1. In the chain, with Lys and Arg counted as +1 and Asp and Glu as -1 at Cβ, which of these residues, I138, A311, M253, has the Cα nearest the positive end of the dipole, that is, farthest along it?
2. With the dipole of the chain worked out from charges on the C-beta (+1 for Lys and Arg, -1 for Asp and Glu) around the Cα centre, which of I22, L264, W128 lies farthest toward the positive end?
3. How far, in degrees from 0 to 90, does helix 305-315 lean away from the longest principal axis of the Cα atoms of the chain, to the nearest 10?
4. With +1 on the Cβ of every Lys and Arg and -1 on the Cβ of every Asp and Glu, and nothing else charged, how large is the dipole of the chain about its Cα centre, in debye rounded to the nearest 20?
5. Given the Cα-Cα distance of K391 and E160 and 0.36 nm per residue of separation, how much length would full extension add, in nm?
6. Of all the stretches in the chain, which is the longest one without any exposed loop site, taking trypsin sites (Lys or Arg not before Pro) in a DSSP loop (any state but H, G, I, E, B) with at most 11 other Cβ atoms within 10 Å?
7. Label point 7 Å out from K184 along Cα-to-Cβ: which residues of region 195-235 have amide N under 15 Å?
8. Which GluC sites (Glu not before Pro) from region 163-222 combine a DSSP loop assignment with at most 13 other Cβ atoms within 10 Å?
Amino acid sequence: MKTNVDPEKIKELLMRGVEEIIDKDRLNKRLSSGERLRIKHGIDPTGPRIHLGRASQLWKLRAFQDLGHQIVLVIGDFTGLIGDASDKDSLRPVLEEGQIKENMKDYTRQIGKILDIDKAELHYNSEWLDRLTAKDLIKLAMKFTAQQMIQRRNFKERWEQGKEIGLHEMLYPLLQGYDSVAIKADLELGGSDQLFNLLAGRDLQKAFGQEPQDIMTTKMLLGTDGRKMSTSWGNVITVMDEPEEMYGKIMSMRDECLLDYFELCTQVGEEEMEKIKADLSGLKVNPRDIKARLASEVVGLYHGAEVAQEAEEKFNLVFQKKEIPIDIPILKIEEEQSALLDILVQAKMASSKAEAKRLIIQGGVRINGIVEKDWQKMIKVVSGTVIQAGKRKFIKLERE
């Protein structure tokens with residue numbers, strides 16, 4: 001099967017959001033020749049929702065898919081039990097098998113918001129890793145040295161700081177690398193923090209007599225706290241967030257992240273990107289307006305243009321006209337419903353239920369900008385709901 005060899009599309013594929021390519025010349029030739037490649041990408045189900053950092057890699061896969069290449073998704077139901085240490089500065093907690101299964105229940109539906117799932121090849125790496133014997137694992141380990149592992153940036157830092165490094169963490173690159181052998185990958189795509197693991201795949205493919213996969217690493221997306229977006233850190237915007245919540249999170253992010261978000265999280269074209277960049281650098285446009293454009297683009301991708309417009313109108317109504325600040329503390333609640341009195345006390349907006357009751361009766365409490373005087377009110381907990389007590393106390397609800 002021949003693939004699309006449009007040079008402009010291939011050029012964008014190799015440049016947009018890309019950090020590094022190994023081997024770029026070979027990959028370019030293969031793409032330009034019309035060869036259909038097997039493009040591998042692994043996802044460990046460390047949480048139940050896929051965040052925009054992960055989604056940016058899925059959009060890159062979609063670009064490959066649109067040119068006719070075979071996408072091979074590997075869900076790490078086995079490797080998820082170990083946990084990837086690529087971005088961790090301490091020993092990470094190990095997930096139980098039941099939690100892994102719960103986390104990945106809805107993955108295909110979320111991935112289907114971006115990829116054509118029917119055309120993708122989907123595997124769980126327990127298919128082959130469960131069958132490895134102790135002898136097999138030892139043979140894999142013989143392909144690497146302890147020095148290689150310790151010199152890995154985050155392991156080296158932890159070693160120098162006297163922090164624990166689990167032996168099981170050192171097995172992770174071997175197992176991810178073996179995934180590439182099992183599915184005979186031509187190219188593996190991952191975040192720039194994954195480079196060590198991706199290179200392990202090349203080494204093992206050579207050891208098993210296969211052509212080593214090319215590697216494409218993508219730029220990392222910063223989360224809501226300025227660190228790399230990571231489920232483990234909870235600083236995420238997910239593809240399943242409610243429209244108003246997604247819009248609000250983007251409007252609260254730092255201005256310096258705008259261009260990266262346009263590049264990694266939207267389908268805005270290169271020409272328009274250059275215009276946005278010029279507007280920001282020349283201060284021709286208020287960054288808030290560009291941020292609103294970004295929020296609409298992202299919400300529109302996952303919920304549709306009409307819903308994005310509604311989210312924008314609601315945000316403007318609540319936050320601009322009511323002069324509500326953007327950077328509001330978040331209160332996480334497990335229940336679908338919660339008493340307004342309990343929320344006010346839990347959020348320390350009132351010292352007691354009696355004080356909370358008086359505040360409500362006196363008209364000092366607003367929900368999404370609307371005064372609420374029913375002190376017995378039960379609130380449906382919807383992520384993004386803003387509660388105001390008095391003139392300066394705000395809290396945003398989030399479902400756990």
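1. Value computed over the given set: M253.
2. It is L264.
3. 40 degrees
4. That gives a dipole near 680 debye.
5. Length gained, K391 through E160: 78.2 nm.
6. 132-283
7. 205-206, 208-213
8. Within region 163-222, the qualifying GluC sites (Glu not before Pro) (loop, at most 13 other Cβ atoms within 10 Å) are E164.
Every number in this text was worked out from the coordinates using simple rules, so none of it is lab data. Please read all numbers here as calculations on a predicted model, not as lab measurements. In this analysis, Cβ positions are derived from the backbone assuming ideal geometry, glycine residues included, and neighbour counts consider all displayed protein chains.
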